[in-house]
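Undergrad: Just dropping this structure here.
The values are calculated or read from the model by the stated rules, or taken from the named source; none is laboratory data. Predicted, not measured: the structure shown is a model, and the values here were computed from it. Reconstructed Cβ throughout: ideal geometry from the backbone, glycine too, with neighbour counts over all protein chains shown. Heavy atoms of the whole protein, side chains included, go into the accessibility calculation; ligands, DNA and RNA do not. Shrake-Rupley method; radii C 1.70, N 1.55, O 1.52, S 1.80 Å.
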Amino acid sequence: QTGCITYDPGYMNTGPCKSAITFVDGEQGILRYRGYPIDQIASRGSFTETAWLLIFGELPTREQLSRFSAGLCAEELLHEDLRHHFEGFPPGGHPMAMLSAVVNSMGCYHPDLLEIESKGEFYLAASKIISKVRTIAAFSYRKSMGLPFMYPNPALSYCRNFLHMMFSIPHKHYDPSPEAVRALSLFLTLHADHEQNCSTSTVRMVGSSQANLFASVSAGICALWGRLHGGANAGVMEMLEQISEGKRTPREVLELAKQKKFRLMGFGHRIYKSYDPRAVILKQAAHDLLTKLGKLDRLMDIAMELEALALADPYFAERKLYPNVDFYSGLILRALNIPMQMFPVMFAIGRMPGWIAHWYEEHQQHGSKIHRPRQIFTGQVLRDYVPFDER
Ligand code: SDX
């Protein structure tokens, strides 16, 4: 007979994870990185400053930030042999598949960092990943476009260098506006960490087995790829484009979501039962960027109309469904000419410091204590083997 064998919950030791990195209050719509409110970090900090804060727990001094940035510059190149990995991918290969594969293979090129014993080794591994993830992402894009790889330029800042690797062509350097560079830095900062979300929990789970940092963040990339997680920013744009092309009206989209025919992408959240504070900032940033770049994007207008209709609809209000980080973020990437297939990759670049911080915290907290969730068994409890001719 099927049964339900349960264990004493205390025995399951599956209580919530303890962490000092990011605080989220879903009812109040509060998000703080190491105690600093996200709106202050977003308006006054940079992405590299945020990365330091999340990983080391304090805002960096000028000297620390300058040294960290110089270290990221020093690590921006990939081993030349890593280029051949890209030659093995088919032209239409998804950049998230390339990103997770090449990030994991970094462990082959840095065997001395597979076992991290000291803070110095951790600092070096973290710098390599945060820096090289841009290069890998840009190379994935160039591969998918059949373009020659554009190598990083150490004279450029973190975000400016990424845009250079994405869009410069031989003999024609891509020089983005300060507004575009600032918008990218803001995008990455707002994605840098979000406590125990699906991909971060994956990194902690894999890291708890003492898997190396490269393999652990590669697993995080795979978890982030899912449509309900990091794939949602592209899902929002597809939804807005359907409306823009006249295939559906905003009201029809809401009706289909209410009939549970699909999820309103970029809406709802497991923790936020109020407006995601990141969405507040991203909505304003998308509007400001489009204005400064002199770009009119009909999708921005459609997004704001869809939001207004949803927030006025009892179905969404009763379920406390509000815009989340993904609802407006794609509009910023689109204004930066980043193709939709790269949207989850951009999320992964932003989330890298958070994953690294959680991996290190897991190691500091638990050392050799592997995560081992328990289950409630609901299958056949006990039965005897049945010979073939009696089945
Ligand atoms: C991210 O965890 C994190 O922190 C993630 C993230 C991060 O920074 O790491 O914040 C990033 O992943 C943001 C979320 C991106 N995903 C999407 O935008 C996809 C669309 N959103 C939904 O799939 C959904 O809201 C989730 C997955 C985000 C959360 O789902 P939950 O908490 O499991 O909600 P649920 O399935 O329990 O839904 C509760 C009710 C249900 O209706 P009833 O059964 O009560 O009638 O709300 C409905 C759901 O059908 N609902 C939606 C909806 N989200 C929930 N209905 C329509 N559209 C939606 N988007």
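Undergrad: Could you derive backbone 3J(HN,Hα) for segment 29-37 from the dihedral phi with the Karplus parameters 6.51, -1.76 and 1.60 (θ = phi - 60°), listing whole Hz in sequence and x where the residue is Gly or Pro?
TA: The phi angles translate into x, 10, 9, 9, 8, 6, x, 8, x Hz.
Undergrad: At 1.002 mPa s and 20 °C, plugging the Kirkwood radius over alpha-carbon pairs of the chain into Stokes-Einstein gives what diffusion coefficient in µm²/s?
TA: Estimated diffusion coefficient is 96 µm²/s.
Undergrad: I'd like the Kirkwood hydrodynamic radius of segment 306-391, using the inverse of the mean 1/r over distinct C-alpha pairs, in Å.
TA: 19.1
Undergrad: Students often get this wrong, so check it: of 258/295; 132/172; 247/283; 119/369, which have C-alpha atoms separated by over 26 Å?
TA: 258/295
Undergrad: Sticking with this structure for a sec: In nm, what is the difference between 0.36 nm times the number of residues separating residue 20 and residue 309 and their Cα-Cα distance?
TA: Result: 100.3 nm gained on full extension.
Undergrad: Tally up the carbon and sulfur contribution to the accessible surface of segment 166-302 as a whole percent, 1.4 Å probe, everything protein left in place.
TA: 56
Undergrad: Could you do me a favour and compute the accessible area per residue for the chain, 1.4 Å probe, result in Å²?
TA: 47
Undergrad: At 0.36 nm per residue, minus the direct Cα-Cα distance, what do residue 244 and residue 382 gain on full extension? Give it in nm, one decimal, please.
TA: Taking 0.36 nm per residue and subtracting the Cα distance, the gain is 44.0 nm.
Undergrad: Per 0.36 nm of contour for each residue apart, how much would the distance between residue 275 and residue 40 grow if the chain were fully extended, relative to their Cα-Cα spacing?
TA: 82.9 nm
Undergrad: Using only alpha-carbon positions, what ratio does the radius of gyration of segment 209-333 give when scaled by 2.2 N^0.38 Å?
TA: Expressed relative to 2.2 N^0.38 Å, the Cα Rg reads 1.15.
Undergrad: Same structure again: If you take the Cα atoms of segment 129-237, find Rg, then find the Kirkwood Rh from the mean of 1/r over all pairs, what is Rg/Rh?
TA: Rg/Rh: 1.01.
Undergrad: Still on this model: Sticking with the crude label model, points 7 Å out along Cα→Cβ, report the distance from residue 318 to residue 74 in nm, one decimal please.
TA: 6.0
Undergrad: In nm, to one decimal, how far is the residue 371 label point from the residue 288 one, both placed 7 Å along Cα→Cβ?
TA: Result for the modelled spin labels: 3.5 nm.
Undergrad: With point charges of +1 on the Cβ of Lys and Arg and -1 on the Cβ of Asp and Glu, referenced to the Cα centre of segment 228-293, which listed residue (287, 275, 236) lies farthest in the positive direction of the dipole?
TA: 275
Undergrad: Give me the distance between the Cα centres of segment 105-159 and segment 214-288, rounded to whole Å.
TA: Comparing the Cα centres of segment 105-159 and segment 214-288, I get a distance of 28 Å.
Undergrad: Then there is this: Expressed as a fraction of 2.2 N^0.38 Å, the rule-of-thumb size for a compact globular protein of N residues, what is the C-alpha radius of gyration of segment 53-208?
TA: 1.08
Undergrad: If the convex hull of the alpha-carbon atoms of segment 174-267 is projected onto planes in all directions, what is the mean projected area in square nanometres?
TA: Result: a mean projected hull area of 9.1 nm².
Undergrad: Using label points projected 7 Å from each Cα along Cα→Cβ, tell me how many nm separate residue 295 and residue 114, to one decimal.
TA: Between residue 295 and residue 114, the simple spin-label model gives 4.3 nm.
Undergrad: Taking the Cα centre of each part, how many Å lie between segment 17-74 and segment 299-348?
TA: Taking the Cα centre of segment 299-348 as reference, the centre of segment 17-74 is 24 Å away.
Undergrad: Related question: What is the magnitude of the charge dipole of the chain about its Cα centre, with +1 placed on the Cβ of each Lys and Arg, -1 on the Cβ of each Asp and Glu, and no other charges, expressed in debye to the nearest 20?
TA: 420
Undergrad: Moving on to the next point. Per residue, how big is the convex hull of segment 67-132 when only Cα atoms are used? Give it in Å³.
TA: Enclosed volume per residue, from the Cα hull, is 87 Å³.
Undergrad: I'd like to verify something in the chain: which complete DSSP H helices, judged by Cα projection on the helix axis, reach 24 Å or more and average at least -0.5 on the Kyte-Doolittle scale?
TA: The answer, listed by residue number, is 119-145, 343-366.
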